[in-house]
Every structure is written in structure tokens, then in C-alpha cells.
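Please read the structure below before turning to the comments.
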Amino acid sequence: MTEPIPTVARDTVLARLAALQTMPTAELKQQWRTLFGAEPPPFNRSYLQSRLSYRVQELAYGGLKPETIKRLEALGEQLDGGNITIRRIRQDDRPIAGTRLIREYQGVGHSVTVRQDDYEYEGRPYKSLSSIARAITGTRWNGWTFFALRNARGRA
């Protein structure tokens, strides 16, 4: 038997979104279990907060309209001919431009913005995440591993 879909009262949305910002990670994971009915993914706190924020609003106000879903699917088919396997494979491994990568190192938070052709850290452009990791730590690091985009064995 499947769990019923939770509901969120519209008048509680703002308070719930604000609470997510200060909620301990363990509580974020519990919220994930409650709102998604599944175990949370092993991603960082920022990811959990953003997806939970969307889910709270989705449950309160509704998800995408069926027409929007159909339009998005049609656009996807224009790009890949309807081949779902191709759709799931990115042309490159880079995160999408505009993505913010957050990493705490020795008690200091660091934020990197992915741009179209490079990365921005502390207002400066960098060609690779490894060069940013080196600027932060003073030692050589695999940037993808440092920012937890890939585990130590090289898997995304």
C-alpha cells in the first residue's frame, strides 16, 4: 500500500520555507522522507533545501499544468528525437551554467558559480574546479571530488 500524498496548507508555506534555511540536516532528511515518501539522496544541504522548498510549494499550490508538461516533453523530443537514453546523457560533465557550488572547508564557506565557459570564485574567473580547490586549500585537489560532484572513484 502506498503512502498518501502529504498536503501543505497555503498559509504555512512561507513559514515552512523559512524554517528550511535553519533546519539541521537530519531534520531536512526527515522532511524529505515525509514530503517525497522516499529516502533522501546523498547530496549537499543546499540541494536538499532547494528541492524541499519546491516540494512544499508544489504540494500547496499544485505542480506543473499538464499542458506545460506536454510542452516540455515536446521540446525534449525536438532535441533528442524522443530517445530517453540520449535525453539523460549530458553532452559534457559540466554543471549547468548558473549553478552555485557550495563547499565548507576548515570552517569557512566557499561559493563557486558555474558560468558558460569557466567558473567564478571570489569575483575571479577560473578555468577549472581544480584550480579553485587549490586556491582554497593550498594543495592539489581534483576539483570534482573537492566539490562532491564525483566521488573518489571517479563516478558522478
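The values are calculated or read from the model by the stated rules, or taken from the named source; none is laboratory data. Quick caveat: nothing in here was measured; it's all calculated off a predicted structure. Quick reminder, even Gly has a Cβ in these numbers, built from the backbone with ideal geometry, and neighbours come from all protein chains shown.
You will find that of G63, G81, G37, the residue that is at positive phi and at pLDDT below 90 is G81 and no other. The residue that is surrounded by the fewest Cβ atoms within 10 Å (Cβ to Cβ), among those in segment 1-56 that are aliphatic (A, V, I, L, M) and within 22 Å of L149 (Cβ to Cβ), is L28. Hey, does segment 102-121 have a residue that's modelled with pLDDT under 90 and under 30 Å from T12 (Cβ atoms)? No, there is no match, as no residue in segment 102-121 is modelled with pLDDT under 90 and under 30 Å from T12 (Cβ atoms). Residue count for segment 109-130 satisfying the condition of being over 21 Å from N44 (Cβ atoms) and among the polar types (S, T, N, Q): 1. Of all residue pairs spaced 6 or more apart or on separate chains, those with beta-carbon atoms under 8 Å, a first member in segment 81-102 that is within 15 Å of S128 (Cα to Cα) and acidic (D, E) and a second member that is surrounded by fewer than 10 Cβ atoms within 10 Å (Cβ to Cβ) and modelled with pLDDT under 85 are D93/A156.
For A74, are the conditions met, namely being under 17 Å from the mean Cα position of the chain (by Cα), surrounded by 10 or more Cβ atoms within 10 Å (Cβ to Cβ) and at pLDDT below 90? It is false that A74 is under 17 Å from the mean Cα position of the chain (by Cα), surrounded by 10 or more Cβ atoms within 10 Å (Cβ to Cβ) and at pLDDT below 90. Selection of first residues in segment 37-53 that are in the same structural domain as M23 (by TED's automatic domain parsing) and of second residues that are of a type in the set (S, T, Y), restricted to Cβ pairs under 7 Å at least 6 apart or on distinct chains, gives the following pairs, ordered by first then second residue: R45/T25.
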